[in-house]
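In what follows, a single structure is set out as structure tokens and then discussed.
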Amino acid sequence: MHSEAPSTNSTRQRLLDAGARVCAERGLQGATTREIAEAAGVNEVTLFRHFGSKEKLISEIFQRAVAAQMESLSETEPDANDLERDLTRYARRYNEMLMANEALIRTLIGEAQRHPKEAWQVICEAARPMRERLIDYLRAAQKAGSVRTDIPLGPTIDAFTGMLLSGMLRRTGFKQSMVDYSADEYVANVVTLFLRGIAAPEAPKKTAPVRRKRVHA
């Protein structure tokens, strides 16, 4: 019974790896379950037994990448009073996930106009865990008084991750000589800009009233 688990896990991983390669080359709609199964060295029935459909397989490709970043984010307890540290860690992990799946992400973006429902479903389902994690964190930071309470968290987070996505696409879409900054520099800049937009204003310091000396005639 225990001896079958490694083999089953290995087959599942091969299907996920093959699915990422084939879909990146052929597109979400162009890739077939038969091609993916052949690339993984198994039959099509095995693919359906593990995932049920091509869409669920593709969704799990992203979820696998996100799970690795979520695990890394859990290494240190977040601190609502140390926004820069926590958001920098989040941004770096998110950027790593984007870079690891660049080819497939570009394919999904390219197909978003032709097949918006399928592409949107895959992207949203995969990004949901990290998005919810960040929403919970910023909500706690609002209660702690370090993040403004007059901003909607959903659009705010989408703006943050959107900057990271556009940076990845630019860096990987141009020759290195056309981008005069590193990934680390870009991520740090995104965090700085984001922090300036969401940080709660500091309460003005109370000063003791100035007492005027009476002048005696």
Residues that are under 28 Å from Ala140 (Cβ atoms) and surrounded by fewer than 15 Cβ atoms within 10 Å (Cβ to Cβ), drawn from segment 166-194: Ser166, Asp184, Asn189, Thr192, Leu193
Residue within segment 92-113 that is at pLDDT below 65 and within 15 Å of the chain's Cα centre (by Cα) present: no
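Out of the residues in segment 13-53 that are assigned to a helix (DSSP H, G or I) and of a type in the set (S, T, N, Q), state the one that is surrounded by the fewest Cβ atoms within 10 Å (Cβ to Cβ).
In the first step, residues of segment 13-53 are kept if they are assigned to a helix (DSSP H, G or I); the result is 13-26, 33-40, 44-51.
Pick out the ones that are also of a type in the set (S, T, N, Q) and you get 13, 33, 46.
On the way: Gln13: 12, Thr33: 18, Thr46: 17.
Filtering first and then ranking leaves Gln13.
Please work out if Glu77 is out of contact with any helix residue (DSSP H, G or I) (no Cβ under 6 Å at 6 or more places or on another chain) and modelled with pLDDT under 80. Lay out the reasoning, then the answer.
Details: out of contact with any helix residue (DSSP H, G or I) (no Cβ under 6 Å at 6 or more places or on another chain): yes; modelled with pLDDT under 80: yes.
For Glu77, the condition - out of contact with any helix residue (DSSP H, G or I) (no Cβ under 6 Å at 6 or more places or on another chain) and modelled with pLDDT under 80 - is met.
The values are calculated or read from the model by the stated rules, or taken from the named source; none is laboratory data. Model, not experiment: these values are computed from the prediction. Neighbour counts are summed over all protein chains in view; Cβ atoms, including those assigned to glycine, are modelled from backbone coordinates with ideal geometry.
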